[in-house]
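Let me begin by presenting the structure, written as structure tokens, before commenting on it.
The values are calculated or read from the model by the stated rules, or taken from the named source; none is laboratory data. Computed from a prediction, not measured in an experiment: that's the story for all the values here. Because the Cβ atoms are built from the backbone with ideal geometry, glycine has one as well, and the counts that use them run over all protein chains shown.
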Amino acid sequence: MSRAAPPLAEGLASLEREGLARRRRVLATAQGSRVVIDGREAINFSSNDYLGLAAHPELRRAAHEAIDRWGTGAGASPLVSGHLGIHEEAERRFAGFVGLPRALLFGSGYAANLGVLTALCDRHAEIFADRLNHACLNDGALLSRATFTRFAHSDLDALAARLEASTAEVRVVATDAVFSMDGDVADVPRLAELCERHDAWLLLDDAHGIGVLGATGRGVLEHFGARSPRIVYMATLGKALGGYGAFVAGGEDLVEWLLQRARTYIFSTALPATSAATALAAMGLLERDASLVSTLQSRIRQFRHLAIAERVPLRDSSTAIQPIPIGDPRRAVAASQRLLERGFFVPAIRPPTVPEGTSRLRVSLSAAHSVADVDALVAALVGVLAS
């Protein structure tokens, strides 16, 4: 006799009651500043497409040309026969783009962080993680079997004390460079100094900084002018750079070790050539013209100036991520729905993505937004938050 499946209905009903159930929305258009979502036209303030490159003509053209030359799939893992010439070119180009000796192309930022932490650490290591890190850094730490030590958000005095007390053979400090739900930027210079003092690696997840920070969009390292042999730098291609995949960059020996030992690299089919091609095209755009980055920065300043003047509650963020605290998840969902009815797609972010009691609207700004788009959003926020 077969046994009944474990009961899930009760858990699903609980999520629904608490305002925590998730639903996928269906876009009928390409990603962009304007979309048709669930059959409704809206100005899109939900996307991580910070430079408006996800449907850019140059990236589309590069993808088509890559398919024509390299086909639609790599066919094997990189260490078997899947490492194409365009992958090699993209890795070299990205290393130069961020000013580090070498880079390795991974299937996603999630896979990259899991690969790094499990390759560098085992049960004799200790990983120190900011409390608000992205889930992939936490999951990588847990999978590594290292001692997992978390410190309060941006409390580097607490981190220093924990590093001082550590007796682990290998120490890794792992942190978001730009925190994905708050938009604030980690103090990379001090983190690097602590890691050098305490013989630790510094893993920087710059998923939301690449293409956004720095005068030419090279990310958090350019923003701070930070350099250290301790840095392990991860940046995704699926946000500001408009494509898919991720790079990990650092010293020659570090990247060679990851190539030999990062399981998410070794045991995954290599990305299709289109991912490398669109990464190359995005880097080429930024190398030729940094106006996309300056336009984005202008939209960020405009939004913050108007929102503060209208007493819209904001957190202290100078990046494209502008969270608006709500608190209760049901109220956040209701506010998001009212904005959509007015023609603005701004998602509600709820636990477990953010801590209990901190549900919010998350405004994502893009260089593709016009001045009028931002003006209209702030006016809509004022109306919705007052109701």
Enumeration of residues in region 322-357 that are of a type in the set (A, V, I, L, M, F, W, C) and within 20 Å of ASN48 (Cβ to Cβ):
ILE324, ALA332, LEU339, LEU340, PHE344, PHE345, VAL346, ALA348, ILE349, VAL354
Search region 61-99 for residues being not in a helix (DSSP H, G or I) and not small (Gly, Ala, Ser), and hand back the single one that is surrounded by the fewest Cβ atoms within 10 Å (Cβ to Cβ).
THR72
Can you go through LEU221, LEU241 and tell me which one is over 12 Å from the mean Cα position of the chain (by Cα) and in contact (Cβ under 8 Å) with a residue 24 or more places away in the chain?
LEU221
Sole residue being closer than 28 Å to ASN133 by Cα and in contact with a strand residue (DSSP E or B) (Cβ under 9 Å, 6 or more places away or on another chain), chosen from ARG315, ARG299:
ARG315
Looking at VAL220, is it over 29 Å from GLY73 (Cβ atoms) and hydrophobic (A, V, I, L, M, F, W, C)?
yes
Please go through (1) without any contact (Cβ under 8 Å) to a residue 60 or more places away in the chain; (2) small (Gly, Ala, Ser); (3) not assigned by TED's automatic domain parsing to the domain that holds SER366 for SER77 and return the number of the only condition it doesn't satisfy.
(1)
Sort out which residues of region 181-204 are part of a loop (DSSP other than H, G, I, E, B) and either small (Gly, Ala, Ser) or over 30 Å from ALA348 (Cβ atoms) (or both), and write them in order of number.
GLY183, ALA186, HIS198, ASP199
When you go through LEU259, LEU202, LEU271, LEU280 one by one, which is the residue that is closer than 14 Å to GLY109 by Cα, aliphatic (A, V, I, L, M) and touching a residue at least 12 places away in the same chain (Cβ under 8 Å)?
LEU271
When you go through (1) loosely packed, with under 15 Cβ neighbours inside 10 Å; (2) over 25 Å from PRO355 (Cα atoms); (3) not aliphatic (A, V, I, L, M) one by one for ASP157, which number turns out not to apply?
(2)
Listed by first then second residue, the pairs whose first member lies in region 341-356 and is surrounded by fewer than 16 Cβ atoms within 10 Å (Cβ to Cβ), whose partner is of a type in the set (D, E, K, R), with beta carbons under 9 Å and at least 6 positions apart or on separate chains, are GLU341/ARG40; GLY343/ARG40; GLY343/GLU41; PRO351/GLU18; PRO355/ARG131
Quick one: in region 244-253, of everything that is surrounded by fewer than 24 Cβ atoms within 10 Å (Cβ to Cβ) and touching a residue at least 60 places away in the same chain (Cβ under 8 Å), which residue is nearest to the chain's Cα centre (by Cα)?
TYR244
So, first residue farther than 9 Å from PHE345 by Cβ in region 24-43, second residue among the acidic types (Asp, Glu) and part of a loop (DSSP other than H, G, I, E, B), Cβ within less than 8 Å, six or more apart or across chains; the pairs are VAL26/ASP38; GLN31/ASP49; GLY32/ASP49
Does ALA174 satisfy the criteria of being part of a helix (DSSP H, G or I) and surrounded by 24 or more Cβ atoms within 10 Å (Cβ to Cβ)?
no
